[in-house]
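Chemist: Following this message is one structure expressed as structure tokens.
The values are calculated or read from the model by the stated rules, or taken from the named source; none is laboratory data. Quick caveat, the model's predicted, so the values are computed rather than measured. Don't worry about glycine lacking a Cβ; one is built from the backbone with ideal geometry, like all the others, and counts go over all protein chains shown.
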């Protein structure tokens, strides 16, 4: 464990006063990246009210020493928007996003909104703000259009999964983290976390608006069981931290079940929210990522060359069959 | 399809989870539209008892007004059971006898009307009373129709099927029984034979021709799991029964939908004009 090693070395060299300082820094809850999962119930279609709520929560998180606040999918707008999509959509230069960017000073923020493009496409987007600016945008790739979902009727799909450097400027890390975003349904496609893992992510940010359903066979909510399995498996298979931030509340009688959670790189749930509004705090540690990757060098052994060759072969095979 | 040893097991529910979701549903959807109170018809049967119990848990008993609306042929036991449930959950019921208005209509104008017409009329009189109470108490009307009767069309359109919110509409009758036991509804109300009590001696299961415990298993696998006929036969259901239930569900589809609108414009309500009901809430 690097923390311990570095600490021991420091202790050997430093004066007793300096040693005490080092120990204080490593008290439980100190050091690392302090994250807050803001499990809220956004108001449907009310961007001004939701924005005020975001700013208040970011302020509270900053006061508590947080380095990152994660909001759920479409946190600025609510989820079952239907024909409200164009009414609540924001352009990248919208004053609402500028306000969030300004708030993201000393604390990074991931929030959800409908983004309108110049050619009038609307994207279900997760926006990452840091150091006073919009640093990264992920447009949801997989728009569910089945069962109670109708996203492709109203929204355009994104076309990429890209990792980015999450700086956490206030966290005094030795380096930035490699992060990637999966929005809700993106998680139901194996290739999505695989593509992010290939880009070296250490932190999977998963905002979600998952409606609770499936009460048959005497079991707890079917959706909660599915996400329990996915979040733990993705964290373990990518040896990354995974932050799952789901929303709560009801829209048109449909409930959102909450259960936001922090999963560590071994796949263990280390913090979990209930079914109401909640700010879930936890501390992430780069050294934990390193430690797990020493024990499970899955990423070292991953055969990207094989995936590439096989993908080409399959593409050629399909061409010859046609 | 989820395979189970006994198909009936599929209907079992985690009652604590269901209670939490439904109580939250009532609380949020009532308050979101600026209300604090609800009214509901209280028949003495299990469905209205459950709706009342869930409403009381969501909003507090002082914010729930059950209305007992007997007709002169209604069983006195029904009113007694309705009052017992109210007492059990700390609710104060209103009583409105609907005999005068129902009799005024049939006695003078349609003395030969059959009992189906009379039953529907009673259901719609009760609806009219509830919507008047809704205005008087500034309260939303909470429904009591379960998934079994909604799917079978065993209800009166614009009668008992009319309400603002329905906490039970996604629960089969079998699941209503389970949730009612969990909430501590008096045992004799849970265990008595279900009846619409529109005429003396009426019984749901006699009128429908099958037991809820059986039809629920079929409906669950037809509707929720979308099983093939071969799979349904494999569970022991006869073709004639499957046909009968399929027809009932299909023929009552109109009851579960808003009225048809003749399409003319480019943006017709509920076709291209699609907004959430919670629009601006």
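Chemist: Looking at (1) surrounded by 14 or more Cβ atoms within 10 Å (Cβ to Cβ); (2) without any contact (Cβ under 8 Å) to a residue 40 or more places away in the chain; (3) over 30 Å from residue A:222 (Cα atoms), can you tell me which one residue B:198 breaks?
Modeler: Among (1) surrounded by 14 or more Cβ atoms within 10 Å (Cβ to Cβ); (2) without any contact (Cβ under 8 Å) to a residue 40 or more places away in the chain; (3) over 30 Å from residue A:222 (Cα atoms), the lone unmet condition for residue B:198 is (2).
Chemist: Another question, then. Output the residues belonging to region B:258-273 that are within 14 Å of chain A (Cβ to nearest Cβ) and farther than 20 Å from residue B:164 by Cβ.
Modeler: B:266, B:267, B:268, B:271, B:272, B:273
Chemist: Mind listing whichever residues of region A:197-219 are more than 14 Å from chain B (Cβ to nearest Cβ) and assigned to a strand (DSSP E or B)?
Modeler: A:203, A:204, A:205, A:206, A:207, A:208
Each row is one residue, and each column tells you yes or no for (1) at pLDDT below 95; (2) surrounded by fewer than 21 Cβ atoms within 10 Å (Cβ to Cβ).
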residue: B:115; (1), (2): yes, yes
residue: B:125; (1), (2): no, yes
residue: B:137; (1), (2): no, yes
residue: B:147; (1), (2): no, no
residue: B:174; (1), (2): no, no
residue: B:185; (1), (2): no, no
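Chemist: Please go through region B:48-64 and pick out each residue that is buried (at least 24 other Cβ atoms within 10 Å of the Cβ) and touching a helix residue (DSSP H, G or I) at 6+ places or on another chain (Cβ under 6 Å).
Modeler: B:49, B:50, B:54, B:55, B:64
Chemist: Here's a follow-up. Six or more apart or on different chains, Cβ atoms under 8 Å: show the pairs whose first residue is in region B:4-18 and at the interface with chain A (Cβ under 7 Å from one of its Cβ atoms) and in a helix (DSSP H, G or I) and whose second is surrounded by fewer than 17 Cβ atoms within 10 Å (Cβ to Cβ) and modelled with pLDDT under 90.
Modeler: B:9/A:217; B:9/A:218; B:10/A:217; B:10/B:2; B:10/B:4; B:17/A:220
Chemist: If a residue must be in contact with a helix residue (DSSP H, G or I) (Cβ under 9 Å, 6 or more places away or on another chain) and either surrounded by 11 or more Cβ atoms within 10 Å (Cβ to Cβ) or over 25 Å from residue B:8 (Cβ atoms) (or both), how many such residues does region B:237-266 contain?
Modeler: So the answer is 11.
Chemist: How do the helices (runs of 4 or more DSSP H) wholly within region B:75-175 filter down when requiring 2 or more residues that are within 30 Å of residue B:221 (Cα to Cα) and touching a residue at least 60 places away in the same chain (Cβ under 8 Å): which remain? Before the answer, list the steps.
Modeler: On the way: elements: B:76-88, B:99-109, B:115-137, B:147-152.
In region B:75-175, B:147-152 are the helices (runs of 4 or more DSSP H) which contain 2 or more residues that are within 30 Å of residue B:221 (Cα to Cα) and touching a residue at least 60 places away in the same chain (Cβ under 8 Å).
Chemist: Name the one entry in B:31, B:57 that is more than 28 Å from residue B:205 (Cβ to Cβ) and touching a residue at least 60 places away in the same chain (Cβ under 8 Å).
Modeler: Details: B:31 fails: touching a residue at least 60 places away in the same chain (Cβ under 8 Å).
Going through B:31, B:57 in turn, just one is more than 28 Å from residue B:205 (Cβ to Cβ) and touching a residue at least 60 places away in the same chain (Cβ under 8 Å): B:57.
Chemist: Can you tell me which residue is surrounded by the fewest Cβ atoms within 10 Å (Cβ to Cβ) among those in region A:113-130 that are in contact with a helix residue (DSSP H, G or I) (Cβ under 6 Å, 6 or more places away or on another chain) and within 26 Å of residue A:168 (Cα to Cα)?
Modeler: In this case the residue turns out to be A:114.
Chemist: It is to be established whether one or more residues within region B:262-280 are at pLDDT 95 or above and in a helix (DSSP H, G or I).
Modeler: Among the residues of region B:262-280, not one is at pLDDT 95 or above and in a helix (DSSP H, G or I), which makes the answer no.
Chemist: Hey, can you tell me all the residues within region B:201-236 that are surrounded by fewer than 19 Cβ atoms within 10 Å (Cβ to Cβ) and within 14 Å of chain A (Cβ to nearest Cβ)?
Modeler: Correct list: B:223, B:224, B:225, B:226.
Chemist: If residue B:193 satisfies all but one of (1) surrounded by 15 or more Cβ atoms within 10 Å (Cβ to Cβ); (2) modelled with pLDDT under 95; (3) touching a helix residue (DSSP H, G or I) at 6+ places or on another chain (Cβ under 8 Å), what's the number of the condition it fails?
Modeler: All conditions pass for residue B:193, except number (1).
Chemist: Would you mind telling me which numbered condition in (1) exposed (fewer than 10 other Cβ atoms within 10 Å of the Cβ); (2) within 14 Å of chain A (Cβ to nearest Cβ) residue B:277 fails?
Modeler: Every listed condition holds for residue B:277 apart from (1).
Chemist: What's the total number of residues in region A:41-60 that are within 14 Å of chain B (Cβ to nearest Cβ) and in contact with a helix residue (DSSP H, G or I) (Cβ under 7 Å, 6 or more places away or on another chain)?
Modeler: 4
Chemist: For region A:58-79, what are the residues that are surrounded by fewer than 21 Cβ atoms within 10 Å (Cβ to Cβ) and in contact with a strand residue (DSSP E or B) (Cβ under 8 Å, 6 or more places away or on another chain)?
Modeler: Matches in region A:58-79: A:60, A:64, A:65.
Chemist: Moving to a separate point now. Take the conditions farther than 30 Å from residue B:276 by Cα, at pLDDT below 95 and not in a loop (DSSP other than H, G, I, E, B) and apply them to residue A:3. Does it pass? Don't jump to the end; show me each part of the working.
Modeler: On the way: farther than 30 Å from residue B:276 by Cα: yes; at pLDDT below 95: yes; not in a loop (DSSP other than H, G, I, E, B): yes.
Judged against the criteria, residue A:3 is a match.
Chemist: For residues in region B:20-44 being surrounded by fewer than 22 Cβ atoms within 10 Å (Cβ to Cβ) and under 17 Å from the mean Cα position of the chain (by Cα), which is nearest to the other protein chains (Cβ to nearest Cβ)?
Modeler: Applying the filter and picking the extreme gives B:25.
Chemist: Still on this model: Go through region B:196-236 and count every residue that is in contact with a helix residue (DSSP H, G or I) (Cβ under 6 Å, 6 or more places away or on another chain) and outside any helix (DSSP H, G or I).
Modeler: 6
Residue-wise test of (1) buried (at least 22 other Cβ atoms within 10 Å of the Cβ); (2) in contact (Cβ under 8 Å) with a residue 24 or more places away in the chain; (3) under 18 Å from the mean Cα position of the chain (by Cα).
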position: A:134; (1), (2), (3): no, yes, yes
position: A:138; (1), (2), (3): yes, yes, yes
position: A:150; (1), (2), (3): no, yes, no
position: A:188; (1), (2), (3): no, yes, yes
position: A:218; (1), (2), (3): no, no, no
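Chemist: List pairs: first in region A:74-94 and away from every other protein chain (no Cβ under 14 Å) and modelled with pLDDT of 95 or more, second buried (at least 24 other Cβ atoms within 10 Å of the Cβ) and assigned to a helix (DSSP H, G or I), Cβ under 6 Å, 6+ apart or cross-chain?
Modeler: A:76/A:50
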